[in-house]
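Worksheet: one structure, shown below.
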Amino acid sequence: MSEDHLGAFKIEPLKAKNWVAYKRRITAVLRELDLLDYVTGSKKDRPVPIKVRDADGAETVTNLDDLEAWDVKDRKAQTRFELTISDGELVHLTAAKTAAQMWTQLCAVKEARGIQGILATRRRLYK
């Protein structure tokens with residue numbers, strides 16, 4: 001069994017049939033690395049640049065440090081996903097531009113909802 005190393009963490013890559021275990025483990029890793037808020041919480045959206053004009057009419061962004069810090073943390077969370085997902089499952093991340101979008105897409109694909117989800121679960125249980 002091939003496993004990826006994330007520093008001190010060891011996690012089996014996401015495959016077609018291990019979503020529940022993967023979700024639990026990647027959530028723990030993201031929480032430990034202080035990245036979970038960038039995926040599911042209050043920091044999942046990039047801060048809005050605050051632009052101010054000076055006396056000469058030049059526009060500057062006043063919260064550039066906050067924007068750069070968010071970009072760094074979001075890229076780290078994205079990297080955690082990209083390195084812990086098997087090749088066959090990477091297709092679910094193709095259009096995502098942020099870690100939160102990656103997570104939303106994975107949840108949408110892996111967590112069946114509604115009548116189709118109920119039927120799919122029943123089929124798996126009664127096979």
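The values are calculated or read from the model by the stated rules, or taken from the named source; none is laboratory data. These numbers were taken from a predicted model, which means no experiment stands behind them. No Cβ is skipped: glycine too gets one built from the backbone with ideal geometry, and neighbour counts run over all protein chains shown. Calculation scope for accessible area: heavy atoms of the full protein, side chains included, ligands and nucleic acids excluded. Shrake-Rupley method; radii C 1.70, N 1.55, O 1.52, S 1.80 Å.
Of all the residues that make up the stretch 50-61, how many are part of a loop (DSSP other than H, G, I, E, B) and either in contact with a His (Cβ under 8 Å, 6 or more places away or on another chain) or loosely packed, with under 10 Cβ neighbours inside 10 Å (or both)?
From the stretch 50-61, those part of a loop (DSSP other than H, G, I, E, B) are 50, 54-58; that's our starting set.
Now restrict to residues that are either in contact with a His (Cβ under 8 Å, 6 or more places away or on another chain) or loosely packed, with under 10 Cβ neighbours inside 10 Å (or both): 54-58.
Residues flagged as part of a loop (DSSP other than H, G, I, E, B) and either in contact with a His (Cβ under 8 Å, 6 or more places away or on another chain) or loosely packed, with under 10 Cβ neighbours inside 10 Å (or both) within the stretch 50-61 amount to 5.
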Checklist entry - Do you know which of the residues in the stretch 74-105 that are farther than 20 Å from I11 by Cα and over 11 Å from the mean Cα position of the chain (by Cα) is most open to solvent (accessible area, probe 1.4 Å)? => result T94
Item to check | Count - residues of the stretch 106-120 that are open to solvent by less than 60 Å² (accessible area, probe 1.4 Å) and within 18 Å of K17 (Cβ to Cβ) | outcome: 6
Next on the checklist: Return the residues of the stretch 38-49 that are open to solvent by less than 70 Å² (accessible area, probe 1.4 Å) and either free of Cβ contacts under 8 Å to residues at least 24 places away in the same chain or more than 9 Å from the chain's Cα centre (by Cα) (or both); say none if nothing qualifies.
Outcome noted: G41, P47, P49
